[in-house]
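S.K.: Structure incoming, see below.
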Number of protein chains: 2
Amino acid sequence: MTSEHSARPTISDVAAEAGVGRSTAARTLGGYGYASEEVRERVLAAAERIGYRANALARSVSTGVSHTLGLIVADLANPFFGGVARGISDASRERGFDTLVLSTHEDLAEEVAATNVLIDKRVDGIIVASAALEAGAAGHIEQARSSGIPVVLVDRAVPGLDIDAVVIDNRAAARDAVAHLVAAGHRRIGFVWGPPLAERPRRRRDLVGVGTGNQWTDGERLQGYLDALDDEGLAFDVELVMVGAKTEENAQAEVARMLELPEPPTALFCTENDAMTGSLRALRNAGSRVGETMSLIGFDDSSWAAVMEPPLSMIEQPTLALGAKAAEVLFATIDAGSRGGAPELHTLETRFIARASVAPPNVN
Amino acid sequence: MTSEHSARPTISDVAAEAGVGRSTAARTLGGYGYASEEVRERVLAAAERIGYRANALARSVSTGVSHTLGLIVADLANPFFGGVARGISDASRERGFDTLVLSTHEDLAEEVAATNVLIDKRVDGIIVASAALEAGAAGHIEQARSSGIPVVLVDRAVPGLDIDAVVIDNRAAARDAVAHLVAAGHRRIGFVWGPPLAERPRRRRDLVGVGTGNQWTDGERLQGYLDALDDEGLAFDVELVMVGAKTEENAQAEVARMLELPEPPTALFCTENDAMTGSLRALRNAGSRVGETMSLIGFDDSSWAAVMEPPLSMIEQPTLALGAKAAEVLFATIDAGSRGGAPELHTLETRFIARASVAPPNVN
DNA sequence: TCCACACCTGATACCGGTACCACATTGGGG
DNA sequence: CCCCAATGTGGTACCGGTATCAGGTGTGGA
């Protein structure tokens, strides 16, 4: 042991230590080109002795490959994105890639900045759950691609943007959930959360096109809700959809409002976690009992949902798998080089978990 | 617009486009050295025109600064670590740093590998929630530091390791929570979860030293539990602590066992999320009603806890703040250069949220 | 009128790697 | 015995930046 080495040794240091030329040391350490057995051992021993670790940055500058992926999400503290990030991270680590994760707080300007950071740091690919609602707002994504960086969208496909995307079928999941409620006998089903509507729609027409044809989760879930109503021949009632800010407080207020209607809903479909907790607060305040006077279905299963009294029926999203699949698609694109095939929309299955929060409507 | 540039333009391209020397272009773009107003404008315009973006990797090789932090946690999908990661990410973004996040799945070997990756990628600092239980197992952390990378521990301080750490006072939080139960009149309080005990301790002595003097969360929480018993003059009963695997299933089984005791607990202190849900399952199966026949306190508040029936008393951990503080301490170390002060243990406050799951014991 | 100096620019060496290629050696076959 | 190929090594250009410095130009003061 040649004592402490505070400065990080370089290839030249190893070469000197081993008594060989710089390029010979580089060749053995880098694993390219030729080196005799004897020299190889001497170099390896020298590297070990002085604690040499290759500078990955310098290598990347030279090779043009950084072995790093970029991930852009709204909020890492959100367990959904945490799961996706973990899925990506695990899948990419297997291939020797690491992940640079940037949070945008659902702000498009921050997303653009994040994209630039990733371009500057020369990541080999980008996975993004974009806040862009349409292709026109996704110039930064086009730019990343045109500078040669493969991009895969996750969770949210941007309509009109011709890029691989890995999503769940929010529309079908919502349709199935609502159909489940209808099958239990419900006719008046509240929709809590959704695409941000500034004001109450006056008729169903006002909702046509809201988030339509786009894969953005909220819009899709609303469409699925409408699909189910159509399938079952149920009337749409504008009073049964939430409007305004997407906060737990507003969800609570909106559900409270619905409970005051002449003909209140007998079931609620909550499209997100905070929509569910807000609804539960409103129900508790109104003395409405879940599974008896009110049926409930929520999105994003959690270990809590199963221990609620009664346990809540939930739609489970495969977050890990979503991330793993996104990474897989990204690597396929990277491997394919520029001659990639046509972009695909990869849809993963959700799982409906039936629990006791859904029961026939309480007809008194 | 000089059409599409699929290849990424370099400083030389800008120089050519602007009709100046490479170094002049570099000087203006890099913001160092001199350049006349007229040339500056020409260079900036040229850069804009061909869409030049500096290669951050090349810059890092030259300057030795990567403007990247490394974060090592057990599992990004765990909301606790998600929150910490988000806190770090937000704080570091403000200073123009990005974060490389690696998950180790609570495996020390993976943690060592992750550390090496970060060293190789020349991050400017590392924040780690280490799986190492003692300084002897933290050679990789020492190694990172000796190669000049500042390190800050988060969530878990490694005993004997002389490094800055940002943690919560798990011991005090646990003590206070248990004291709260005692104040409500409870004398038999179950401890669910804890440091993995292979077999049932036979007497209290067996627990002395388990996780003692170390900041590792489980050990600290157990000590806090014992502290509270001592403070309140309560007897310790080995039957009231959970043993075996730290899984939701086992927590359920252990609580079920405790309920069968001749003198079952009247309250439970759950040190983690899965411990709480496991406990709730056991209680439901046994027909025990929370807040009536059984009082409950859990760790890690969640929006679900507030909407449970009854709402659950919880200890809230400041996850975002934990991350933000860790980043702050790390930056202070980075700014201080090699001449850093003595390592400190930074302790953040938890918050006890009293809800209806704690009530006086039901004496029939 | 000439020199000093401020102003401005390009050349050049470097960071720590990759990768190619030219140039010894050595040895075997014709 | 000589030549050529295989074997092994170091030199060198390059990746895309940073940073210093030499030197050319223009202006004002002596």
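The values are calculated or read from the model by the stated rules, or taken from the named source; none is laboratory data. Here the structure is a predicted model, which is why all the values come from computation and not from measurement. Positions of Cβ are backbone-derived with ideal geometry, glycine not excepted, and every protein chain shown enters the neighbour counts.
S.K.: Check off (1) at the interface with another protein chain (Cβ under 8 Å from one of its Cβ atoms); (2) part of a helix (DSSP H, G or I); (3) surrounded by 20 or more Cβ atoms within 10 Å (Cβ to Cβ); (4) more than 9 Å from DNA strand C (Cβ to nearest atom) for residue A:102 and give me the number that stays unchecked.
M.R.: Every condition holds for residue A:102 apart from (2).
S.K.: If you don't mind, another one. If residue B:91 satisfies every condition in (1) outside any helix (DSSP H, G or I); (2) more than 16 Å from DNA strand D (Cβ to nearest atom) but one, which is the exception?
M.R.: All conditions are met except number (1).
S.K.: Conditions first: (1) in a loop (DSSP other than H, G, I, E, B); (2) closer than 27 Å to residue A:59 by Cα; (3) touching an Asp or Glu at 6+ places or on another chain (Cβ under 6 Å). Residue A:131 passes all but one, so which condition is the exception?
M.R.: (2)
S.K.: Can you name every residue in the stretch A:1-29 that is loosely packed, with under 14 Cβ neighbours inside 10 Å, within 12 Å of DNA strand C (Cβ to nearest atom) and either within 46 Å of the chain's Cα centre (by Cα) or modelled with pLDDT of 95 or more (or both)? I'd like the intermediate steps shown before the answer.
M.R.: Filtering the stretch A:1-29 for residues loosely packed, with under 14 Cβ neighbours inside 10 Å gives A:1-4, A:6-7, A:12, A:19, A:21, A:23.
After this cut, where a residue has to be within 12 Å of DNA strand C (Cβ to nearest atom) as well, the list is A:7, A:12, A:21, A:23.
Once the filter is applied, which keeps residues that are loosely packed, with under 14 Cβ neighbours inside 10 Å, within 12 Å of DNA strand C (Cβ to nearest atom) and either within 46 Å of the chain's Cα centre (by Cα) or modelled with pLDDT of 95 or more (or both), the stretch A:1-29 yields A:7, A:12, A:23.
S.K.: Could you go through the stretch A:137-147 and let me know if any residue there is more than 22 Å from the chain's Cα centre (by Cα) and buried (at least 20 other Cβ atoms within 10 Å of the Cβ). Give the derivation first.
M.R.: Of the stretch A:137-147, the ones more than 22 Å from the chain's Cα centre (by Cα) are A:146-147.
Going one step further and asking which of them are buried (at least 20 other Cβ atoms within 10 Å of the Cβ), we end up with none.
Among the residues of the stretch A:137-147, not one is more than 22 Å from the chain's Cα centre (by Cα) and buried (at least 20 other Cβ atoms within 10 Å of the Cβ), which makes the answer no.
S.K.: Kindly indicate whether residue B:129 is surrounded by fewer than 23 Cβ atoms within 10 Å (Cβ to Cβ) and of a type in the set (A, V, I, L, M). Full working, then the answer.
M.R.: Values: surrounded by fewer than 23 Cβ atoms within 10 Å (Cβ to Cβ): no; of a type in the set (A, V, I, L, M): yes.
No.
S.K.: Let me ask something additional. Of all the strands (runs of 3 or more DSSP E) wholly in the stretch A:294-364, which have at least 3 residues that are closer than 30 Å to residue A:161 by Cβ? It would help to see each step written out before you state the result.
M.R.: On the way: elements: A:295-299, A:313-316, A:345-348, A:351-353.
By residue number, A:345-348.
S.K.: Considering each residue of the stretch A:218-242, count those that are aliphatic (A, V, I, L, M) and surrounded by fewer than 17 Cβ atoms within 10 Å (Cβ to Cβ), and give that number. Spell out the reasoning first.
M.R.: First pass over the stretch A:218-242, keeping only residues aliphatic (A, V, I, L, M): A:222, A:226, A:228-229, A:234-235, A:238, A:240-242.
Then drop every residue that is not surrounded by fewer than 17 Cβ atoms within 10 Å (Cβ to Cβ), which leaves A:234-235, A:238.
Going through the stretch A:218-242 one residue at a time, the tally reaches 3.
S.K.: Also: Would you mention how many residues in the stretch A:256-272 are buried (at least 23 other Cβ atoms within 10 Å of the Cβ) and within 12 Å of another protein chain (Cβ to nearest Cβ)?
M.R.: Summing the residues that are buried (at least 23 other Cβ atoms within 10 Å of the Cβ) and within 12 Å of another protein chain (Cβ to nearest Cβ) in the stretch A:256-272 gives 1.
S.K.: Working only within the stretch A:39-81, note down all residues that are facing chain B (nearest Cβ under 8 Å), farther than 18 Å from residue A:148 by Cα and within 12 Å of DNA strand D (Cβ to nearest atom). If you could, list the steps in order and put the result at the bottom.
M.R.: In the first step, residues of the stretch A:39-81 are kept if they are facing chain B (nearest Cβ under 8 Å); the result is A:51, A:53-58, A:60-61, A:66, A:68, A:75-79, A:81.
Still in the running and farther than 18 Å from residue A:148 by Cα: A:51, A:53-58, A:75-79, A:81.
A:55, A:57, A:58, listed by residue number.
S.K.: Follow-up. Could you grab me the full set of residues in the stretch A:179-206 that are at pLDDT 90 or above, farther than 23 Å from residue A:247 by Cβ and either among the charged types (D, E, K, R) or touching a Leu at 6+ places or on another chain (Cβ under 8 Å) (or both)? Break it down into steps so the answer makes sense when it comes.
M.R.: Narrowing the stretch A:179-206 to residues at pLDDT 90 or above: A:179-192.
Now drop any that are not farther than 23 Å from residue A:247 by Cβ, which leaves A:179-188.
Across the stretch A:179-206, the qualifying residues are A:182, A:187, A:188.
S.K.: Sticking with this one: Looking at the stretch A:156-173 only, could you name the residues that are over 14 Å from the mean Cα position of the chain (by Cα), surrounded by fewer than 20 Cβ atoms within 10 Å (Cβ to Cβ) and closer than 28 Å to residue A:231 by Cβ?
M.R.: Selection gives A:159, A:160, A:172.
S.K.: Regarding residue A:32, is this residue hydroxyl-bearing (Ser, Thr, Tyr) and within 12 Å of DNA strand D (Cβ to nearest atom)? Write out each step before concluding.
M.R.: On the way: hydroxyl-bearing (Ser, Thr, Tyr): yes; within 12 Å of DNA strand D (Cβ to nearest atom): yes.
So residue A:32 passes the test.
S.K.: Residues in the stretch A:108-126 that are more than 10 Å from chain B (Cβ to nearest Cβ), surrounded by fewer than 17 Cβ atoms within 10 Å (Cβ to Cβ) and touching a helix residue (DSSP H, G or I) at 6+ places or on another chain (Cβ under 8 Å): how many?
M.R.: Summing the residues that are more than 10 Å from chain B (Cβ to nearest Cβ), surrounded by fewer than 17 Cβ atoms within 10 Å (Cβ to Cβ) and touching a helix residue (DSSP H, G or I) at 6+ places or on another chain (Cβ under 8 Å) in the stretch A:108-126 gives 1.
S.K.: Restricting to the stretch B:39-77, name every residue that is of a type in the set (Val, Ile, Thr) and not in a loop (DSSP other than H, G, I, E, B).
M.R.: Within the stretch B:39-77, B:39, B:43, B:50, B:61, B:63, B:68, B:72, B:73 qualify.
S.K.: A further question on this structure: Of all residues in the stretch B:132-189, count the ones that are away from chain A (no Cβ under 14 Å) and closer than 30 Å to residue B:337 by Cβ.
M.R.: Here is the first cut: in the stretch B:132-189, the residues away from chain A (no Cβ under 14 Å) are B:132-138, B:141, B:151-189.
If we keep only those that are closer than 30 Å to residue B:337 by Cβ as well, we get B:132, B:134-138, B:141, B:151-168.
Result for the stretch B:132-189: 25.
S.K.: Going residue by residue through the stretch A:85-94, is there one that turns out to be more than 10 Å from chain B (Cβ to nearest Cβ), away from DNA strand C (no atom under 12 Å from the Cβ), in contact with a Phe, Trp or Tyr (Cβ under 7 Å, 6 or more places away or on another chain) and closer than 28 Å to residue A:320 by Cα?
M.R.: Here is the first cut: in the stretch A:85-94, the ones more than 10 Å from chain B (Cβ to nearest Cβ) are A:91-92, A:94.
After this cut, where a residue has to be away from DNA strand C (no atom under 12 Å from the Cβ) as well, the list is A:91-92, A:94.
Filter once more, so that each one left must be in contact with a Phe, Trp or Tyr (Cβ under 7 Å, 6 or more places away or on another chain): none.
No - not one qualifying residue is present in the stretch A:85-94.
S.K.: Does the stretch B:301-312 include one or more residues that are away from chain A (no Cβ under 14 Å), in contact with a strand residue (DSSP E or B) (Cβ under 7 Å, 6 or more places away or on another chain) and more than 30 Å from residue B:148 (Cβ to Cβ)? Walk me through it before giving the result.
M.R.: If we filter the stretch B:301-312 for residues that are away from chain A (no Cβ under 14 Å), which is where we start, we get none.
Checked against the condition, which is being away from chain A (no Cβ under 14 Å), in contact with a strand residue (DSSP E or B) (Cβ under 7 Å, 6 or more places away or on another chain) and more than 30 Å from residue B:148 (Cβ to Cβ), the stretch B:301-312 yields no hits at all.
S.K.: Here's another thing I want to ask about it. Go through the stretch B:283-293 and report how many residues are in a helix (DSSP H, G or I) and facing chain A (nearest Cβ under 10 Å). Before you say what the answer is, go through the steps one by one.
M.R.: At the first step, the residues of the stretch B:283-293 found to be in a helix (DSSP H, G or I) are B:283-286.
From what is left, the residues that are facing chain A (nearest Cβ under 10 Å) are B:283-284.
Summing the residues that are in a helix (DSSP H, G or I) and facing chain A (nearest Cβ under 10 Å) in the stretch B:283-293 gives 2.
S.K.: Additional query: Between a residue in the stretch A:44-58 that is free of Cβ contacts under 8 Å to residues at least 12 places away in the same chain and any residue that is among the β-branched types (Val, Ile, Thr) and within 14 Å of DNA strand D (Cβ to nearest atom), which pairs come within a Cβ distance under 8 Å, given they are 6 or more apart or on different chains?
M.R.: What qualifies is A:57/B:61; A:58/B:61.
S.K.: Every residue in the stretch A:59-77 that is touching a residue at least 40 places away in the same chain (Cβ under 8 Å), over 15 Å from residue B:118 (Cα atoms) and of a type outside the set (Val, Ile, Thr), please. Before you say what the answer is, go through the steps one by one.
M.R.: Let us first name the residues in the stretch A:59-77 that are touching a residue at least 40 places away in the same chain (Cβ under 8 Å), namely A:60, A:64-74.
Next, from what is left, pick out any that are over 15 Å from residue B:118 (Cα atoms): A:64-65, A:70-74.
Hits for the stretch A:59-77 are A:64, A:70, A:71, A:74.
S.K.: Related question: What residue, among those in the stretch B:323-337 that are touching a residue at least 12 places away in the same chain (Cβ under 8 Å) and surrounded by fewer than 24 Cβ atoms within 10 Å (Cβ to Cβ), is farthest from the other protein chains (Cβ to nearest Cβ)? Don't jump to the end; show me each part of the working.
M.R.: First, the residues of the stretch B:323-337 that are touching a residue at least 12 places away in the same chain (Cβ under 8 Å): B:323-331, B:333-334.
Of the ones still in play, those that are also surrounded by fewer than 24 Cβ atoms within 10 Å (Cβ to Cβ) are B:324-325, B:328-329, B:331, B:333-334.
On the way: B:324: 12, B:325: 15, B:328: 18, B:329: 20, B:331: 18, B:333: 15, B:334: 16 Å.
Per the stated criteria, the residue is B:329.
S.K.: Is the stretch A:260-269 home to any residue that is assigned by TED's automatic domain parsing to the domain that holds residue A:200 and part of a helix (DSSP H, G or I)?
M.R.: Taking the stretch A:260-269 first, the residues assigned by TED's automatic domain parsing to the domain that holds residue A:200 are A:260-269.
Among the residues that remain, those that are also part of a helix (DSSP H, G or I) are: none.
No, there is no match, as no residue in the stretch A:260-269 is assigned by TED's automatic domain parsing to the domain that holds residue A:200 and part of a helix (DSSP H, G or I).
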